[in-house]
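The values are calculated or read from the model by the stated rules, or taken from the named source; none is laboratory data. Keep in mind that what you see is a predicted model, and the values were worked out from it rather than measured. No Cβ is skipped: glycine too gets one built from the backbone with ideal geometry, and neighbour counts run over all protein chains shown.
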Amino acid sequence: MQQMKLLQSLYQQRAFGYQYFDDIKSVPFENSDLSDMPSTLTQLATYINDCSLCNLSKGRKHIVFGEGNVHADLMFIGEGPGELEDNSGRPFVGRAGELLDRIIQNVLMLKREDVYIANIVKCRPPANRAPTEEEVAKCKPFLIKQIEIVKPKIIIALGATSYSYLTGDMSGKISRVRGEMINFGTSKLMPTFHPSYLLRNPSAKKEVMSDMLKVKAIL
Ligand code: URA
């Protein structure tokens, strides 16, 4: 009888639009450092498969781990997955991705499979907002491990969010810092405009072209 009442009340709540989510689990790697993490990308992807370290995990369809050449000289880092990326589990597959593909092919003269593509966070922020500091703090160690494994010669930070969270320079206006290559561990880092910005401001493509030519010159 008790159970029937509970069930009835749950059905009522569902009818009113309530949804049930598991509590955020404390996962074994909550405080793990880079040396505790697996040393291949495939293992790392499996390692974070059930990640629920931040609230973004509650709304995601897929973790967008990143993809590309494990030994790429060039790594692109965007902000975070959008709707299409969340649906597919792959980075940069929407309109911004089409533009990124054209830059890779027509300016850098490479194929998408030659480079590695990842994001600052691996789960989609709601309504495509920028990820918060807390979300980035939870997710960034996995990205740093990816960088450590791929060891790219050059990292291209796509947009202000990517640049700021990678470097810690939170005051960095992308229009001021873009085009200047800086040291980033054993890699170089080139900040440039995000492809989504280029879709809204096509006249900024010439700046990105100039940034990519600098990258190409030292690849
Ligand atoms: N924008 C990003 O920053 N990353 C993606 O993967 C897609 C769009």
I'm trying to understand the selection: among the residues of region 162-219, which are among the polar types (S, T, N, Q) and either under 21 Å from residue 140 (Cα atoms) or outside any loop (DSSP other than H, G, I, E, B) (or both)? 162, 164, 167, 171, 175, 183, 186, 187, 192, 196, 203, 210
In the set 137, 96, 118, which member is within 10 Å of the ligand (Cβ to nearest atom) and within 23 Å of residue 48 (Cα to Cα)? 118
Of the residues in region 75-90, those that are within 6 Å of the ligand (Cβ to nearest atom) and assigned to a helix (DSSP H, G or I) come to 85
Exactly one of these conditions fails for residue 113: (1) away from the ligand (no atom under 16 Å from the Cβ); (2) free of Cβ contacts under 8 Å to residues at least 12 places away in the same chain; (3) over 14 Å from the mean Cα position of the chain (by Cα). Give me its number. (2)
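Tally the residues that are out of contact with any Cys (no Cβ under 8 Å at 6 or more places or on another chain), under 18 Å from residue 41 (Cβ atoms), within 14 Å of the ligand (Cβ to nearest atom) and not aromatic (Phe, Trp, Tyr), restricting the search to region 54-74.
Summing the residues that are out of contact with any Cys (no Cβ under 8 Å at 6 or more places or on another chain), under 18 Å from residue 41 (Cβ atoms), within 14 Å of the ligand (Cβ to nearest atom) and not aromatic (Phe, Trp, Tyr) in region 54-74 gives 4.
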Tell me which residues, restricted to region 106-121, are in contact with a helix residue (DSSP H, G or I) (Cβ under 7 Å, 6 or more places away or on another chain) and buried (at least 22 other Cβ atoms within 10 Å of the Cβ). 115, 116, 118, 120, 121
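Looking only at region 175-200, which residues are of a type in the set (S, T, N, Q) and either surrounded by fewer than 16 Cβ atoms within 10 Å (Cβ to Cβ) or on the phi > 0 side of the Ramachandran plot (or both)? Break it down into steps so the answer makes sense when it comes.
As a first pass, look at region 175-200 and keep what is of a type in the set (S, T, N, Q): 175, 183, 186-187, 192, 196.
Of everything in region 175-200, those that are of a type in the set (S, T, N, Q) and either surrounded by fewer than 16 Cβ atoms within 10 Å (Cβ to Cβ) or on the phi > 0 side of the Ramachandran plot (or both) turn out to be 175, 183, 186.
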Flagged in region 70-103 as out of contact with any Pro (no Cβ under 8 Å at 6 or more places or on another chain) and of a type in the set (Gly, Ala, Ser), in numbering order, are 82, 88, 89, 94
Of the listed residues (76, 92), the one being among the aromatic types (Phe, Trp, Tyr), more than 16 Å from residue 165 (Cβ to Cβ) and buried (at least 18 other Cβ atoms within 10 Å of the Cβ) is 92
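Among the listed residues 144, 156, which satisfies the condition of being part of a strand (DSSP E or B), modelled with pLDDT of 95 or more and away from the ligand (no atom under 11 Å from the Cβ)?
Numbers: 144 fails: part of a strand (DSSP E or B).
Criteria check complete, one pass: 156.
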